[in-house]
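Undergrad: Below is the structure I would like to discuss, written out as structure tokens.
The values are calculated or read from the model by the stated rules, or taken from the named source; none is laboratory data. As the structure is a computational prediction, the values presented were derived from the model and not from experiment. Here the Cβ positions follow ideal geometry from the backbone for every residue, glycine too, while neighbour counts run over all protein chains shown. Accessible surface is based on the protein model in full, side chains and every heavy atom, while ligands, DNA and RNA are left aside. Shrake-Rupley method; radii C 1.70, N 1.55, O 1.52, S 1.80 Å.
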Amino acid sequence: MWVRIYAVLRKELKQLSRDKMTFGMVIMIPLVQLLLFGYAINTDARHIPVGVVNLSQSSESRALISDLEASQSIDFQQEYPNINSAQQAIVTGEVRAVLYLPSDFVSRLVQHPNYYSGQKIAPQVFTRPVGQWLVDGSDTVITSTIKALQNMPLQSVGNRTTEQAVASFAVVPFFNPEQRTVVNIVPGLVAVILTMTMILFTSTAIVREREQGNMEFLINTPIRSIELMVGKIIPYVLVGLIQVGIILGIGYWVFSVPLMGGLTSLLLAALLFIFASLTLGLVISTLAKTQLQAMQMTIFILLPSILLSGFMFPYEAMPNVAQWIAECLPATHFMRMIRAIVLRDAMLTELLKDSIWLVTFILCGLLIASLRFRKKLG
């Protein structure tokens with residue numbers, strides 16, 4: 001009995017050593033998971049891109065901005081002339097929050113009786129807010145980080161010691177005033193589910209033809225490589241759109257997730273991402289030799305798409321290396337688009353950067369898949 005078991009064991013080990021793709025996945029999948037969970041994932045958002053509307057333009061307001069940025073929780077990216085342009089920047093995702101400092105900012109500061117006294121007293125909070133934070137409330141982590149700055153110790157403002165006063169800010173969360181996590185999760189699920197299903201569908205497409213013996217038929221047809229690639233993609237586009245409708249429909253009717261954006265922008269954004277995911281699946285299909293390998297490679301793409309796209313953890317909380325990897329994933333770009341359209345009523349024309357990236361990815365992916373596909377049995 002032990003001889004027979006040893007014979008089977010030896011056979012399986014030899015097969016595994018010859019299957020370089022599977023052997024590579026055995027090493028790479030736990031390695032990537034370890035790096036993602038241990039290095040890239042951070043629930044504490046840092047260096048959040050924010051803007052400022054500084055109507056005061058005083059030395060005190062500039063000193064306050066410097067103090068806020070010194071916390072390293074936020075990075076001031078842009079100064080806006082008025083509140084309307086600042087709100088539009090939040091809608092398009094250019095910044096995640098905006099600090100509004102009114103023209104009477106200095107007078108709000110000096111209302112504190114000990115502001116200029118230079119006396120050592122216990123910390124006190126200004127009863128009247130000296131400014132206001134306008135926050136993209138669709139992401140509860142971002143809102144929590146900004147709220148942590150709601151009462152800001154004044155370290156370089158005025159002619160006094162650091163123990164004297166704490167500036168109070170009003171925090172206004174847009175798009176999700178109740179701070180419900182499900183509002184942020186449901187649109188993100190569209191990207192995650194489409195990534196999983198669309199890539200999996202097409203990653204096995206060419207491999208399945210080879211395993212089922214249909215390659216002989218394809219060889220004898222006049223079909224071109226690019227025509228085969230497009231033909232493999234189109235049937236699944238409708239499937240993807242149905243999934244989008246199901247997720248957002250249930251989110252709206254069951255979880256009361258608002259659908260603020262226009263249907264046209266939503267449809268076009270979904271089509272771009274569906275085509276991008278299907279194209280990525282085709283590229284995988286030309287690399288894999290078996291359906292098992294195709295599924296393993298799909299998982300290899302799916303894990304970073306979930307962890308690095310901003311679905312579970314803030315994009316701003318990740319280190320630069322993780323952000324560079326995230327920018328290569330279609331899910332990251334669609335995650336921004338779907339949340340901006342559904343939750344912030346952004347138009348597709350306001351999200352051109354991500355749209356152009358997806359179009360470029362589709363064209364490059366189709367070209368790579370077409371060049372790699374060969375109508376032969378080997």
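Undergrad: For the condition modelled with pLDDT of 90 or more and not aromatic (Phe, Trp, Tyr), what is the one hit in ILE219, ILE246?
TA: Details: ILE219 fails: modelled with pLDDT of 90 or more.
After ruling out the rest, the residue left standing is ILE246.
Undergrad: Still on this structure, I have one more. What residue, among those in region 292-313 that are crowded, with 21+ Cβ neighbours inside 10 Å and in a loop (DSSP other than H, G, I, E, B), is farthest from the chain's Cα centre (by Cα)?
TA: PHE313
Undergrad: If ASP104 satisfies all but one of (1) within 16 Å of VAL130 (Cβ to Cβ); (2) free of Cβ contacts under 8 Å to residues at least 40 places away in the same chain; (3) open to solvent by 40 Å² or more (accessible area, probe 1.4 Å), what's the number of the condition it fails?
TA: (2)
Undergrad: Which residue pairs have Cβ atoms under 8 Å apart, sit 6 or more places apart or on different chains, and have a first residue in region 228-256 that is closer than 30 Å to ILE368 by Cβ and a second that is outside any helix (DSSP H, G or I) and among the hydrophobic types (A, V, I, L, M, F, W, C)?
TA: Final answer for the pair search is LEU228/PHE373; MET229/PHE373; GLY231/ILE223.
Undergrad: Something else about it: Condition first: closer than 16 Å to ASP139 by Cβ, at pLDDT below 90 and touching a His at 6+ places or on another chain (Cβ under 8 Å). Can you find one or more residues in region 318-334 that meet it?
TA: Within region 318-334 (the criterion being closer than 16 Å to ASP139 by Cβ, at pLDDT below 90 and touching a His at 6+ places or on another chain (Cβ under 8 Å)), the answer is no, since none of the residues qualifies.
Undergrad: While we're here: Condition first: farther than 19 Å from SER138 by Cβ and either polar (S, T, N, Q) or not assigned by TED's automatic domain parsing to the domain that holds LEU259 (or both). Now tell me which residues in region 177-202 satisfy that.
TA: Within region 177-202, THR195, THR197, THR202 meet the criteria.
Undergrad: (1) more than 25 Å from GLY245 (Cα to Cα); (2) modelled with pLDDT of 90 or more: which one isn't true of GLN296, the others all being true?
TA: (2)
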